[in-house]
1. Based on the Cβ-Cβ distance from Gln50 to Val14, what FRET efficiency comes out when R0 is 35 Å, to the nearest 0.05?
2. Applying the Karplus parametrisation 6.51 cos²θ - 1.76 cosθ + 1.60 with θ = phi - 60° to the phi angles of region 99-111, what ³J(HN,Hα) value in whole Hz is obtained for each residue in order, glycine and proline being reported as x?
3. In nm, to one decimal, how far is the Arg122 label point from the Ala247 one, both placed 7 Å along Cα→Cβ?
4. Give a residue-ordered list of calculated ³J(HN,Hα) values for region 211-225 (Karplus: 6.51 cos²θ - 1.76 cosθ + 1.60, θ = phi - 60°; whole Hz; x for Gly, Pro).
5. What accessible area, in Å² to the nearest ten, does a 1.4 Å probe give for Met282?
6. As an exercise, use a Förster radius of 45 Å and the Cβ-Cβ distance of Ser196 and Trp87 to find the FRET efficiency, rounded to the nearest 0.05.
7. Under a crude label model (7 Å from the Cα following the beta-carbon direction), how far is Leu77 from Lys166 in nanometres?
8. Under a 5 Å amide H to amide H cut-off, with H placed in plane at 1.01 Å, what residues pair with His207 once short-range neighbours are removed?
Amino acid sequence: MDFLTLFLIYLCLVLAVTALLCLCSARRESFLTRSVHRASQVLSLVIPTQLQRVTHQALHRLFHTRSCLFVVLHVALQAAVFGEYTWEVVVYCWELQFHILLLLLPYLLLAGNLGCFLLCSRANPGRILLVLFENRKKCYKAHFLVVFLVSFTGVVTKSNAASLVKVYAYDGVLFQRGLMCPTCNLEKPARSKHCSVCRRCVHRFDHHCVWVNNCIGGANAGAFLLYLLSLAATAGAVAAVTAALLARLGLCTPHGIHLPVLTYFSLSLQHLFMTFPRIVFMLGFVILLTLVLGGYCSFTLYLALTNQTTNEWCKARRFGGSPPLPSQPPGRALVYKNIYSKGIWRNLKEVFNPPAVLERKKK
């Protein structure tokens, strides 16, 4: 079996496993979930109890508490990719007289991606806080300062909780009026959810992203969308420049003289693997990353265009198999309908400029 056939089989296998994971992750009680659960039960009989406890604590600390580990991994991967791109790809491209703007494009996209990353990781996603003022006449200046900060950061307080309810209506299916958060002791506004990682209620909760170590909510959903788009564009630009370089180098090899096309392509690819292994492996990683990020960007853009969050999308898919709600009349089936969509352009405007209804000071 020649080198090209083995490479294509490997590529198809990686893409098939990735697609299988994406499909199974959206299903409740899927075959993959049952298989992992049964495998964990079998391994629990072999692995010592102390090691199981340590592993469980490590996984809980890694995925259920705020940690900078994934942020460090995120930065390390970008540094490794751009280190290889700078020290080898750019040097070879410069010798082959590639256009300077083509070489600088990944760096420009990286700068924009880092800016969006800082906005996502440092911005307040719209946490619902408890701020009480027993005597507003004596604390008028402090109360004015809190309302002023709320208008810019998206933080809401108990003093304007009544106004927060007016931002989004309760659909009566996914979000019920009068439900309390037992942890924060607050009435849960529509489209909000308590994040067990951040230990706060987040307005227009989407999900908790470990890669930015922050929740994605109403106040930073637009920055997160730009972060994903810029990250996918950065990976695509690096992949395009690297692929163009390898194509140019492959055409310069003398293997293509009086050979069929497939044989020439196989020998050229094998020659590139043997001569530039780091560049080829980096290209394979970046291409796979571009495909995964492209799919996730498409999903996130679909949610933005339809004015949905990841939390609402998952709840809507699971709603058919969920038990009846306490407020549901007997014998009457509830049908979920997205009442928050207002058209494509208004939905996008809401993502980048979220609505805020604040309580004004009564004179």
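1. About 0.45, to the nearest 0.05.
2. Values, residue by residue: 5, 5, 5, 5, 6, 7, 4, x, 5, 5, 5, 5, 4 Hz.
3. 3.9 nm
4. Karplus values, whole Hz, x for Gly and Pro: 6, 10, 6, 7, 7, 9, x, x, 7, 10, 5, x, 5, 5, 5.
5. For Met282, the solvent-accessible surface is approximately 20 Å².
6. That gives a FRET efficiency of 0.60.
7. A separation of 4.4 nm, rounded to one decimal place.
8. Ile216
The values are calculated or read from the model by the stated rules, or taken from the named source; none is laboratory data. None of the values given here were measured: they were computed from a predicted structure. Don't worry about glycine lacking a Cβ; one is built from the backbone with ideal geometry, like all the others, and counts go over all protein chains shown. All accessible areas refer to the heavy atoms of the entire protein, side chains included, with ligands and DNA or RNA removed. Shrake-Rupley method; radii C 1.70, N 1.55, O 1.52, S 1.80 Å.
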